[in-house]
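To keep things clear, I will list the structure first and then write my remarks on it.
Since every read-out is calculated from the coordinates, none of them should be taken as a lab result. Keep in mind it's a predicted model, so treat the numbers as computed, not measured. Backbone-built Cβ (ideal geometry, glycine too); neighbour counts: all protein chains shown.
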Amino acid sequence: MNKLSAIELAKLLNGREIRNEITKQEEAQAKESGLVVVFGASDDLMEFRGAVCEEVDAYEGQTVYLTSTGLIENKCEDDCPYYENEKNSGISIEQIWDKGGYSWIYETTIPHRQFEIMDGDEKYCRGIVFALSDVGEQTEPEPAREFSDVKRVCEALAYFGHSYPDSQEEQAARYDQLVDQLALAVLEKKHSETPLGDEPDLMSIMVDGTNCTWGEKKQFCEMEAFSYFSNDAPITQNPYFKNTWPWQWFNNEYLRLVGYAS
């Protein structure tokens, strides 16, 4: 059985109809791949499939907590001090009712991919897929996205002839997906018109980047960006440590490609 990445599974599930969200074979593939799929059912259920297979009561919303071994369960009745203590070792997933044009959406700090479940012509649920191995210790949530960032991405999508959501709320909610969509559009155009040529000496650039020429650094970052594109990875997952030269140059190259930097 072939293993799947989170992005591959999210693409498979995107656009499915309610009550036909995932097949038994896909559930087995998700489990084999260490992936967890989360989606809503009816108006009171939170469904887990794959590496975690559970159904949680969630009328009008619910928050659950996970560790890298699965869901943290409340084994007591009513308020339980042991459960309250255990929650501190996990990461939360909040299921939210009636927001952003969906009946159900999810918020979590776990790295994840999103997919849409439809009810006829209407959006029903924005589900998520993530690797259970990515569930680590609790981290601080990211700061709120500046709308100028969202607007810039949408303007660039329009330039490449791609559509995007009309409402600012939905644009912000789907920011990561829009960035991925833009990255693919940019890199497809860039590399269909301009072959990259011979690969530079990557090791020497990584070891002593400050002594390399701008052309070598530029080509290195193009190669890395194209590598991420070829492997269907989101461009937002910069492969370098923040505040080191490859991290910043990687981002600068991306901005240059979409026309927002010289």
Take TYR159, TYR102, TYR59 and order them by how many other Cβ atoms sit within 10 Å, fewest up front. TYR59, TYR159, TYR102
Taking a cut-off of 17 Å, what percent of all Cα-Cα pairs in segment 9-120 are separated by more than that? 57 percent
Say the cut-off is 25 Å between C-alpha atoms; which of LYS11/LYS123; LYS3/LYS151; LYS24/LYS75; LYS24/LYS123; LYS99/LYS151; LYS75/LYS123 go over it? LYS3/LYS151; LYS24/LYS75; LYS75/LYS123
Dipole of segment 6-134, Cα-centred, from +1 at each Lys and Arg C-beta and -1 at each Asp and Glu C-beta, to the nearest 20 debye? 640 debye
Which of ILE7, ILE22 comes first, and how do the rest follow, when ranked by fewest Cβ neighbours within 10 Å? ILE7, ILE22
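So what's the net charge close to TYR59: Lys and Arg +1, Asp and Glu -1, counting the other residues with Cβ under 10 Å from its Cβ?
On the way: positive: none; negative: ASP43, ASP44, ASP57, GLU60.
Value of the local net charge: -4.
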